[in-house]
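Single-structure report; data block below.
The values are calculated or read from the model by the stated rules, or taken from the named source; none is laboratory data. Keep in mind it's a predicted model, so treat the numbers as computed, not measured. Note: ideal-geometry Cβ built from the backbone for every residue, glycine included; neighbour counts use all protein chains shown. Ligands, DNA and RNA are stripped out before the accessible areas are found, and what is left, the full protein with its side chains, is counted by its heavy atoms. Shrake-Rupley method; radii C 1.70, N 1.55, O 1.52, S 1.80 Å.
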Amino acid sequence: MAEEKKAQSAGVWPTVKPFVNGGASGMLATCVIQPIDMVKVRIQLGQGSAATVTKNMLREEGVGAFYKGLSAGLLRQATYTTARLGSFKMLTNKAIEANDGKPLPLYQKALCGLTAGAIGACFGSPADLALIRMQADATLPVAQRRNYTNAFHALYRIVADEGVLALWKGAGPTVVRAMALNMGMLASYDQSVEFCKDSLGLGEAATVLGASTVSGFFAAACSLPFDYVKTQIQKMQPDASGKYPYSGSLDCAMKTLKSGGPFKFYTGFPVYCVRIAPHVMVFTFLYDLDIPQPDSEGREKNRVVERGHF
């Protein structure tokens, strides 16, 4: 009986571990990059360059303003990243098992990544909405500010004032952003690993670090336009007549394109790259450096050594 309980316990942890690791590492990364994320949102809302935004925030709001919305950011990671990384690990394990332990081709990894990104975004959208609103609140006129005190107060107020479905306002671009981010990361990572390892002769840790930096750039390039639309949709408020500035994500994208051209979607790109890099590195370190995978003959190999094990 004791052995049976021990076996059940041992069987639970491997299933739960990727979810716990993903959520914990995402929350840790958020504590580091929260000020950068705040600056990125303010840039997207037209508050000026990174230097201008930083200077104005320090002068008018103080250092604490950079961590406004941290509770929502942590809640977002506890939901979005936990679901995304955990489901990605489960999906890839199932795919490798179905592939008789052989390395997954790019299209299968892409499908796993896209699916995991969509799952995570669906879970994390309410917290993401609360985060954007808390970060954007100080940019609104005093009479229009929502004055949320923390993430749970924000969620309560959104449900009370706008209804439960309002928690998923902007969920469309949030889901597409997560899918585009994973796609950009996955599409570039393998080639970067091959280049760092074979052409530059780097070691395992340096290869993962270099490849994750490159994939972070492409992840940012693929996902920033959707992130920009998401931010505009989530922070918008109705005017005096009750009309919103955008009827939806597509309307926001078309109006943005018409008024500012395609490069408007890439407002704050350097800051966004810096903001997203830690999360990409968490993803790649967690799934490449730490977790060995058996090859087709049952031997364990480190993923970074074997191209295609992502």
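Figures for the structure shown
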| quantity | calculated |
| --- | --- |
| Single residue of region 58-72 satisfying the filter (in contact with a helix residue (DSSP H, G or I) (Cβ under 6 Å, 6 or more places away or on another chain) and free of Cβ contacts under 8 Å to residues at least 60 places away in the same chain) that is least open to solvent (accessible area, probe 1.4 Å) | PHE66 |
| In region 161-190, the residues that are small (Gly, Ala, Ser) and open to solvent by 30 Å² or more (accessible area, probe 1.4 Å) | GLY172, ALA187 |
| Count of region 238-256 residues which are assigned to a helix (DSSP H, G or I) and open to solvent by 80 Å² or more (accessible area, probe 1.4 Å) | 3 |
| Region 206-226 residues that are open to solvent by 30 Å² or more (accessible area, probe 1.4 Å), paired with ones that are of a type in the set (D, E, K, R) and modelled with pLDDT of 85 or more (beta carbon under 6 Å, 6 or more apart) | PHE226/ARG177 |
| Some residue of region 95-114 being at pLDDT below 90, more than 13 Å from the chain's Cα centre (by Cα) and of a type in the set (Val, Ile, Thr) | yes |
| Region 124-148, residues that are free of Cβ contacts under 8 Å to residues at least 24 places away in the same chain and part of a helix (DSSP H, G or I) | VAL142, ALA143 |
| Sole residue being modelled with pLDDT of 55 or more, open to solvent by less than 20 Å² (accessible area, probe 1.4 Å) and either assigned to a loop (DSSP other than H, G, I, E, B) or farther than 21 Å from GLY48 by Cα (or both), chosen from PHE283, PHE310 | PHE283 |
| Residues that are more than 11 Å from GLN135 (Cα to Cα) and either open to solvent by less than 20 Å² (accessible area, probe 1.4 Å) or outside any loop (DSSP other than H, G, I, E, B) (or both), drawn from region 37-56 | ILE43, GLN44, ALA50, ALA51, THR52, VAL53, THR54, LYS55, ASN56 |
| Test: VAL175 is within 22 Å of the chain's Cα centre (by Cα) and either at pLDDT below 85 or farther than 18 Å from ASP37 by Cα (or both) | yes |
| Residue that is more than 27 Å from ALA24 (Cα to Cα) and either open to solvent by 60 Å² or more (accessible area, probe 1.4 Å) or in a helix (DSSP H, G or I) (or both), where the choices are LYS109, LYS89, LYS102 | LYS102 |
